[in-house]
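Comments concern the structure below.
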Amino acid sequence: MSESTPLNPLPTLPHDLGLQAQFRPAEPGTAEPWLLVLMHGVGSNEQDLMGIAPWVPERYHLLSLRAPHPMGPNAWAWFQFGVAADGSRVINAAQERHSRALVERAVSQAATQLGVPASRVVVGGFSQGGIMGLSLLLTRPQSLRAALSLHSRLLPEVLPEQAPAEALQGRSLWVSHGTEDAVLPASHSERIVAHAATLPLQVHSVGFPGGHTLGRQELDELSAWLSALA
């Protein structure tokens, strides 16, 4: 080994993920790093949730993914949706399945390249990104240890694909909402928690003052929760 070769080179952004991404490596020298994969909401991009990097514990590699469906300049979605006359939401189910497959592949590729086992992988996000994290947990629990559902909802379209209950044993789920959220009200979090209660999941559910946005109190508590995962 030459003197110019670093003893502990920093991991670089995983390649061949199938999705555009931004990356922050774990603290150098971390013996058993974790991987946190985040997904943005509708109309945003992979840069958005990199803003919460200061709250992500340093033992985590942080990977923020860009959704595959363009909506406009620097604006992307995991799937298109509409609101029916009765107020219910109708999604493009084919887009959701396609995006979920891309996310599963990206998570698997990143974890493999970074040397992180599925038992130390957390996947989730905000709004539609949180929907994707929850859906991945329910359908492919072998891919991750925990999921984050921040101001999100449960897709009934995903439930027919749910893994057997026993496959969810030992997994954890963070569920949070804004108490004044008019976009995805607290009732959506309540439905997630009610469904999770039928499964062997460890659920942490909490509401925070405010609307459809992430505040300091929520990020502080999320950081503590991520730190406590084992």
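Does R100 satisfy the criteria of being open to solvent by 10 Å² or more (accessible area, probe 1.4 Å), in contact with a Gly (Cβ under 8 Å, 6 or more places away or on another chain) and of a type in the set (D, E, K, R)?
Criteria not met by R100.
Could you list, in sequence order, the residues of segment 69-101 that are in a loop (DSSP other than H, G, I, E, B) and either under 20 Å from the mean Cα position of the chain (by Cα) or of a type in the set (S, T, N, Q) (or both)?
Within segment 69-101, N74, W78, F79, Q80, S88, N92 meet the criteria.
For segment 22-52, a tally of residues being surrounded by fewer than 20 Cβ atoms within 10 Å (Cβ to Cβ) and outside any loop (DSSP other than H, G, I, E, B) returns 6. Residues in segment 103-132 that are touching a Gly at 6+ places or on another chain (Cβ under 7 Å) and under 19 Å from H151 (Cβ atoms): 9 in all. Residues of segment 166-194 that are in contact (Cβ under 8 Å) with a residue 12 or more places away in the chain, more than 20 Å from L226 (Cβ to Cβ) and either of a type in the set (S, T, Y) or open to solvent by 40 Å² or more (accessible area, probe 1.4 Å) (or both): E166, Q169, T179, E180, A182, V183, R191. Among the residues of segment 56-99, those identified as touching an Asp or Glu at 6+ places or on another chain (Cβ under 9 Å) and among the acidic types (D, E) are E58, E96. Filtered by the rule that a residue be of a type in the set (S, T, N, Q) and under 23 Å from V121 (Cβ atoms), segment 173-188 gives a lone residue, S176.
The values are calculated or read from the model by the stated rules, or taken from the named source; none is laboratory data. What you are looking at is a predicted structure, and each value in this text was computed from that prediction instead of being measured. Please note: Cβ atoms are built from the backbone with ideal geometry, for glycine as well, and neighbour counts cover all protein chains shown. With ligands, DNA and RNA removed, areas are computed over all heavy atoms of the protein, side chains included. Shrake-Rupley method; radii C 1.70, N 1.55, O 1.52, S 1.80 Å.
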